[in-house]
Structure formats: structure tokens, C-alpha cells
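Encoded as C-alpha cells, the structure appears first; notes follow it.
The values are calculated or read from the model by the stated rules, or taken from the named source; none is laboratory data. The structure displayed is predicted, hence computed values, not measured ones. Here the Cβ positions follow ideal geometry from the backbone for every residue, glycine too, while neighbour counts run over all protein chains shown. Keep in mind that these areas ignore ligands, DNA and RNA; they rest on the heavy atoms of the full protein, side chains included. Shrake-Rupley method; radii C 1.70, N 1.55, O 1.52, S 1.80 Å.
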Amino acid sequence: MPELKSRGAGKVALVTGAASGIGRATALRFLEAGYRVAALDRDAEGLESFAGESPDAERTLTLVADLMDEEKTGEALDRALGWKDRLDAVINVAGISLPEEFSDFSREDWVPLIQTNLRGVFVVCQTTAPALARSGEGAIVNVSSILARVADPTLIAYGATKGGVSAMTRALAMKLAPEVRVNAVCPGDVATPGLETWIAGHPDPVGVRKQIEDSYPLRRICTPEDVAQAILFLAGPAARMITGQELVLDGGLTVKVY
């Protein structure tokens with residue numbers, strides 16, 4: 001543990017979507033690694049719960065903001081940038097998914113998806129890039145999805161926004177080099193509270209869980225902690241020659257034929 005804590009000693013990370021799921025696991029993982037963490041989310045109660053779980057209150061800053069609200073987001077990012085007067089890593093986890101039916105998915109339903117999943121990532125990167133460049137080893141890690149690479153006809157709009165995140169990651173890697181590295185993780189199904197709630201509400205939760213697990217060659221569902229560990233790697237010095245890449249965390253799902 002002392003060796004792990006030395007990785008982020010003196011460094012500051014900003015994690016969006018930190019109240020639950022992948023974001024929460026990532027924020028906690030960075031705290032374990034010695035980082036000071038600014039945790040941003042629209043869920044105030046979830047952030048309060050996260051703060052209570054933090055191993056060190058002095059290294060934790062919570063910021064309540066919805067990425068769809070430009071003013072509140074700007075205020076939160078300003079607080080994060082001024083907190084310790086430095087920033088070394090930005091982790092864009094915040095994202096939403098809506099039920100989709102192609103034939104009646106409205107134009108208005110695109111707005112929150114684009115504003116949160118795509119525009120929100122851009123705004124956070126644009127605002128924090130100068131501070132990351134001053135860090136000397138700044139890194140951005142965006143959470144994309146395997147749906148940026150393969151198709152799910154029941155999540156067309158969501159997949160399109162994640163495809164945009166992956167394209168943005170590659171372009172930002174070129175734009176911000178050599179001062180800032182930019183990469184993405186592309187998980188498959190992740191055992192977040194949302195997925196667990198969906199499984200629990202299914203008429204046959206045991207059967208549907210097994211069906212999901214069996215679709216993956218590794219026969220298991222990715223956990224938020226699995227994703228957090230990959231993000232910590234991409235943000236740290238062990239990945240200093242990696243930029244513009246996507247790390248796929250799908251248990252082998254997208255490499256199989258049948």
C-alpha cells in the first residue's frame with residue numbers, strides 16, 4: 001500500500017460522475033494511490049456518501065454540478081482548478097443512457113445524451129487542458145464504451161455519443177501532445193448500480209445474469225473496480241508512452257466470432 005500511495009503523492013485528479021459506479025470506484029482508487037481528488041457529480045447525496053467513504057477528507061473535494069448546466073459546471077471546474085492550484089489527471093466518467101426505440105426516439109431525447117456524454121466531456125477537457133499542460137505529466141482518460149466499436153441496435157444514440165468520445169480522444173491526443181496524454185477505456189457491461197437494478201427487475205434475474213456472463217469469454221461481468229484500475233494505469237507514469245488509444249475492457253466479447 002505505501003508503494004501504491006506514492007504513485008499519486010502531491011498530485012490532483014478530477015473525476016466526473018464520481019457519486020456512483022465507475023466514477024466512484026475511480027475516485028476511491030485514486031485516493032488510495034495518494035492523489036488528492038476533486039469529485040464532481042450532479043447527485044449531491046451520492047457525493048456526500050462518497051465523501052464519507054473517502055479514506056482522507058483533506059484530500060477530497062466534492063463538487064455538485066450537472067454537465068448540462070454550463071454555468072454550474074464552469075463554477076465547479078474553477079473550484080477544482082483553484083483547490084490545490086494544480087491538476088494532473090482528468091477522468092471523464094459522467095454519462096447517461098436512455099431507453100431507446102428507434103421508431104419513436106424523439107429529437108429532444110438526443111439533447112441530454114449529447115450535452116452530457118459528448119459536449120460535457122469536451123467542456124471539461126477544454127477547461128482543464130491548460131492546467132494539465134502545466135503539470136508536466138498531465139493525463140486525460142475518457143470513459144467510452146465497446147459501443148464505440150461494435151453495434152447494439154437498441155442503443156443507437158448512446159452508441160453514437162460514445163463513438164464521438166472515442167473520436168474526440170484521438171483528436172485531443174494529437175492536439176494536446178506532447179504536454180498531455182489522452183486515452184479512453186471502452187468497457188462492456190459493468191456491474192454498476194444501474195445494471196444491477198435492471199437485472200434485479202427482470203422476471204428471471206438469475207437467468208439473465210448468467211446469460212450476460214456467458215456472453216463473455218471470461219464468463220464474468222466487469223466491475224467498476226476493474227475499470228478504475230485500468231484508468232489509474234492510463235493516467236500514471238507506467239503509461240507514459242500511451243496516447244490516443246482505447247483500452248477495451250470486455251472480457252474478450254468483441255474479439256469472438258460466435
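Tabulated data
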{"read-out": "Normalised contact order of the stretch 53-208, rounded percent, pairs of Cα under 8 Å and 6 or more residues apart", "value": "22"}
{"read-out": "Solvent-accessible area per residue for the chain (1.4 angstrom probe, square angstrom)", "value": "49"}
{"read-out": "Separation of the Ser215 and Glu108 label points, Cα + 7 Å toward Cβ, nm", "value": "3.1"}
{"read-out": "Spin-label zone in the stretch 127-155 - amide nitrogen under 18 Å from a point set 7 Å from the Cα of Arg170 along the C-beta vector", "value": "141-151"}
{"read-out": "Backbone N within the stretch 67-92 under 19 Å of label point (7 Å from Ala133 Cα along the Cβ vector)", "value": "78, 81-82, 85-91"}
{"read-out": "Surrounding net charge for Pro205, when Lys and Arg each add one and Asp and Glu each subtract one, Cβ distance under 14 Å", "value": "-1"}
{"read-out": "C-alpha long axis of helix 224-235 to longest principal axis of the chain, angle in °", "value": "40"}
{"read-out": "Debye intensity ratio in log₁₀ form over the Cα atoms of the stretch 40-178, taken at each q of 0.11 Å⁻¹", "value": "-0.46"}
{"read-out": "Inter-centroid distance (Cα atoms) of the stretch 121-168 relative to the stretch 183-258, Å", "value": "17"}
{"read-out": "Helical mean residue ellipticity (222 nm; -39500 (n - 2.57) per DSSP H run of 4+; nearest 500) of the chain", "value": "-13500 deg cm²/dmol"}
{"read-out": "For Asp56, solvent-accessible area (1.4 Å; no DNA, RNA or ligand), Å²", "value": "50"}
{"read-out": "Relative contact order, percent, the stretch 152-256 [alpha-carbon distance under 8 Å, six or more residues apart]", "value": "39"}
{"read-out": "Accessible surface of the stretch 111-258, 1.4 Å probe, proportion on carbon and sulfur as whole %", "value": "61"}
{"read-out": "Total charge dipole magnitude, the stretch 100-258, about the Cα centre, Cβ charges on Lys, Arg, Asp, Glu only, Debye to nearest 20", "value": "680"}
{"read-out": "In nm, spacing of pseudo-spin labels at Lys84 and Ala238 (7 Å Cα→C-beta vector)", "value": "2.0"}
{"read-out": "With Cα atoms, 0 to 90° folded angle of helix 44-53 axis to the chain main axis", "value": "70"}
{"read-out": "Gain on full stretching of the segment that runs from Ala51 to Glu71 - 0.36 nm per residue minus C-alpha separation", "value": "4.8 nm"}
{"read-out": "Local electrostatic count at Ala235 - Lys and Arg +1, Asp and Glu -1, tallied over other residues with Cβ under 14 Å", "value": "+3"}
